[in-house]
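The values are calculated or read from the model by the stated rules, or taken from the named source; none is laboratory data. Please read all numbers here as calculations on a predicted model, not as lab measurements. Backbone-built Cβ (ideal geometry, glycine too); neighbour counts: all protein chains shown. In case anyone asks, the SASA skips ligands and DNA or RNA and just uses the protein heavy atoms, side chains included. Shrake-Rupley method; radii C 1.70, N 1.55, O 1.52, S 1.80 Å.
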Amino acid sequence: MGELNMLDSNLKEQLKTIFADLQANYVLDISVDPQHESRTELLELLSDVADSSDKITCRVKDGEALEFSLLKNGNDTRIKFRGIPNGHEFTSLLLAILNADGKGKNIPDAVICNRIKALKGNIHLTTYASLTCTNCPDVVQSLNLMALLNENLTHEMVDGALYQSEVDALKIQAVPTVYADGALLHVGRADLGELLGKLEEHYGVDDKKKESSVKNYDVVVVGSGPAGSAAAIYSARKGLNVAIVAERIGGQVKETVGIENLISVPYTTGEDLAGNLKAHIQQYSIDILEHRKVETLEVKDKEKILSVAGGEKIIAPAVILATGASWRKLNVPGETEYIGRGVAFCPHCDGPFYKGKHVAVVGGGNSGIEAAIDLAGICSKVTVFEFLDELKADRVLQEKAKSLPNVEIFLSSQTVEVIGNGEKVTGIRVKNRKTEEERIIELDGIFVQIGLTANSGMFKDVVNTNRFGEIEIDTHCRTNQPGIYAAGDVTTVPYKQIIISMGEGAKAALTAFEDRIRGI
């Protein structure tokens with residue numbers, strides 16, 4: 001959705017449908033400086049939202065800046081917006097109202113709701129966001145939900161563009177950035193489960209409110225990307241009692257912007273594909289246990305016991321591991337220290353922070369060269385460093401990048417160090433692998449695009465992995481442990497592609513069913 005100054009007639013009609021079944025009365029409690037340059041824009045937007053339902057009204061008073069809170073039946077929902085929820089954040093406003101009314105597909109299951117309610121202490125969260133950021137709404141909406149569920153938790157979204165002095169004072173260089181009572185809690189993309197885990201670690205859990213849970217299934221699939229989704233669907237089609245345990249439906253694929261090689265689908269996006277995967281899963285009687293992080297896997301007799309963060313246990317005789325892979329880090333001095341302060345992994349979200357500046361892209365594969373092309377339209381200069389002696393990206397992408405006047409490419413280049421001044425990145429140290437010569441290039445940001453690493457750490461004591469951390473499987477997706485199967489990018493299967501992962505997930509499910517029939 002693009003930026004909105006006033007809502008068009010079609011969108012107004014959609015809002016009437018969205019809010020048709022509201023039960024409670026809601027007030028958008030607005031406080032705004034009479035002289036604020038964005039006052040009119042805010043009032044027009046919120047008035048249009050209020051006009052869509054007789055259950056929503058606006059209340060305006062003069063203030064020192066620009067903000068509004070959401071009230072339900074006269075009571076504070078503990079959700080505040082310091083900014084105009086245009087662009088991607090418009091959905092966050094709509095969901096805040098729907099969620100407050102007990103509606104919305106994003107409301108988690110009872111176990112996750114209880115974990116949120118069990119957080120200790122009075123918690124005040126602030127998320128600095130950008131209206132053009134595609135990752136920000138997930139964080140804003142997740143924390144808004146937590147505010148609704150936990151009466152001791154408040155959350156406010158701050159549009160960094162309107163509160164630039166705060167952004168500068170905090171030296172924020174990436175969005176979303178979340179502060180918990182003034183302490184930096186999180187930077188970058190995250191789902192509700194990851195944020196909940198960080199809050200549990202930061203504030204602790206009230207054991208009196210904590211509820212334990214044990215669930216039993218025929219098959220449990222860990223992970224819900226293309227491989228996990230296929231495995232769950234194929235298992236459910238055999239009439240088995242199936243659960244998916246995952247941090248988020250769609251997995252890593254959600255971060256892919258354009259997908260053009262999923263045969264029979266000429267073009268789709270990662271977001272759309274993830275939505276289609278979830279819709280397909282929901283056609284079957286599959287328990288979706290989302291927002292969960294598996295901590296350990298144990299084998300006890302023939303049962304496999306998954307222990308999930310928060311105390312939950314999930315048990316089955318057959319487990320299919322499809323946890324995929326994550327962005328690989330450089331693991332050089334300075335990288336971790338400057339994540340969110342000049343080191344970034346998502347050019348689409350954090351690229352706008354480097355408008356008119358010089359950035360580096362580390363990695364010459366498809367993702368790296370695509371990032372360089374995208375950033376070239378924003379940044380004054382883009383320098384690509386590739387470790388190998390030639391680029392790995394598709395020829396068409398290479399030619400596009402080389403045609404751009406502000407893109408330069410260096411091969412045989414090893415990143416040795418990220419350099420900063422204590423506040424932000426100021427340069428990168430690179431070594432020429434042929435001459436061993438090192439040099440420092442002064443720049444403002446570094447985008448790391450060096451591929452993926454297998455998410456197998458929690459299973460390595462149970463199943464065999466290779467030196468890359470990939471789970472070793474046979475031709476039928478069996479691991480060395482009877483009753484444990486693996487599929488997709490987390491395994492040794494060659495070529496990490498969506499279409500291959502889907503096939504591997506199906507294969508793992510069929511093998512698990514065959515073994516079940518044979519009594520293995």
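Below is a table of values for the structure above.
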quantity: Hits in the stretch 217-245 (condition: free of Cβ contacts under 8 Å to residues at least 60 places away in the same chain and surrounded by 24 or more Cβ atoms within 10 Å (Cβ to Cβ)); calculated: 242, 244
quantity: Count of the stretch 218-245 residues which are touching a Lys or Arg at 6+ places or on another chain (Cβ under 9 Å), over 26 Å from residue 311 (Cα atoms) and part of a loop (DSSP other than H, G, I, E, B); calculated: 1
quantity: Single residue of 204, 193, 160 found to be over 25 Å from residue 326 (Cα atoms), modelled with pLDDT under 95 and open to solvent by less than 30 Å² (accessible area, probe 1.4 Å); calculated: 160
quantity: Checking residue 454 against (1) out of contact with any His (no Cβ under 6 Å at 6 or more places or on another chain); (2) more than 17 Å from residue 325 (Cβ to Cβ), the condition it does not meet; calculated: (2)
quantity: Sole residue being on the phi < 0 side of the Ramachandran plot and acidic (Asp, Glu), chosen from 181, 159; calculated: 159
quantity: Subset of the stretch 426-459 (residues that are farther than 16 Å from residue 360 by Cβ, among the basic types (Lys, Arg) and surrounded by 13 or more Cβ atoms within 10 Å (Cβ to Cβ)); calculated: 433
quantity: Members of the stretch 246-279 that are open to solvent by less than 50 Å² (accessible area, probe 1.4 Å), closer than 16 Å to residue 190 by Cβ and assigned to a loop (DSSP other than H, G, I, E, B); calculated: 246, 248, 249, 250
quantity: Some residue of the stretch 172-189 being within 21 Å of residue 103 (Cα to Cα), in a strand (DSSP E or B) and either open to solvent by 10 Å² or more (accessible area, probe 1.4 Å) or at pLDDT 90 or above (or both); calculated: no
quantity: Looking only at the stretch 35-67, and only at residues there that are surrounded by 16 or more Cβ atoms within 10 Å (Cβ to Cβ) and acidic (Asp, Glu), the one that is modelled with the highest pLDDT; calculated: 67
quantity: Subset tally (residues that are under 27 Å from the mean Cα position of the chain (by Cα) and either of a type outside the set (S, T, N, Q) or open to solvent by 40 Å² or more (accessible area, probe 1.4 Å) (or both)) for the stretch 468-508; calculated: 25
quantity: Strands (runs of 3 or more DSSP E) enclosed by the stretch 47-131 - at least 2 residues per element that are of a type in the set (D, E, K, R); calculated: 56-62, 66-72, 75-82
quantity: Number of the condition not met by residue 376 [criteria: (1) surrounded by fewer than 16 Cβ atoms within 10 Å (Cβ to Cβ); (2) farther than 20 Å from residue 496 by Cα]; calculated: (1)
quantity: The listed residue being under 30 Å from the mean Cα position of the chain (by Cα) and touching a residue at least 40 places away in the same chain (Cβ under 8 Å), out of 52, 69; calculated: 69
quantity: Checklist (1) modelled with pLDDT under 95; (2) within 28 Å of residue 152 (Cα to Cα); (3) not hydroxyl-bearing (Ser, Thr, Tyr) applied to residue 13, failing item; calculated: (2)
quantity: Meets criteria (at pLDDT 90 or above and open to solvent by 10 Å² or more (accessible area, probe 1.4 Å)) for residue 339; calculated: no
quantity: Scope the stretch 324-348; condition touching a strand residue (DSSP E or B) at 6+ places or on another chain (Cβ under 6 Å), outside any strand (DSSP E or B) and either within 30 Å of residue 242 (Cβ to Cβ) or not β-branched (Val, Ile, Thr) (or both); matching residues; calculated: 328, 330, 333, 334, 335, 338, 340, 342, 345, 347
quantity: Test set (1) touching a residue at least 60 places away in the same chain (Cβ under 8 Å); (2) small (Gly, Ala, Ser); (3) open to solvent by 10 Å² or more (accessible area, probe 1.4 Å) - residue 110 fails condition number; calculated: (1)
quantity: Matching residues, the stretch 397-429, being within 18 Å of residue 357 (Cβ to Cβ) and part of a strand (DSSP E or B); calculated: 407, 408, 418, 419, 420, 425, 426, 427, 428
quantity: Residue among 378, 373 that is out of contact with any strand residue (DSSP E or B) (no Cβ under 7 Å at 6 or more places or on another chain), assigned to a loop (DSSP other than H, G, I, E, B), within 26 Å of residue 173 (Cα to Cα) and of a type outside the set (Phe, Trp, Tyr); calculated: 378
quantity: Residue under evaluation residue 331, criteria (1) modelled with pLDDT under 95; (2) open to solvent by 50 Å² or more (accessible area, probe 1.4 Å); (3) within 19 Å of residue 255 (Cα to Cα), criterion not met; calculated: (3)
quantity: Filtered residues of the stretch 310-323 (kept if outside any strand (DSSP E or B) and modelled with pLDDT of 90 or more); calculated: 317, 322, 323
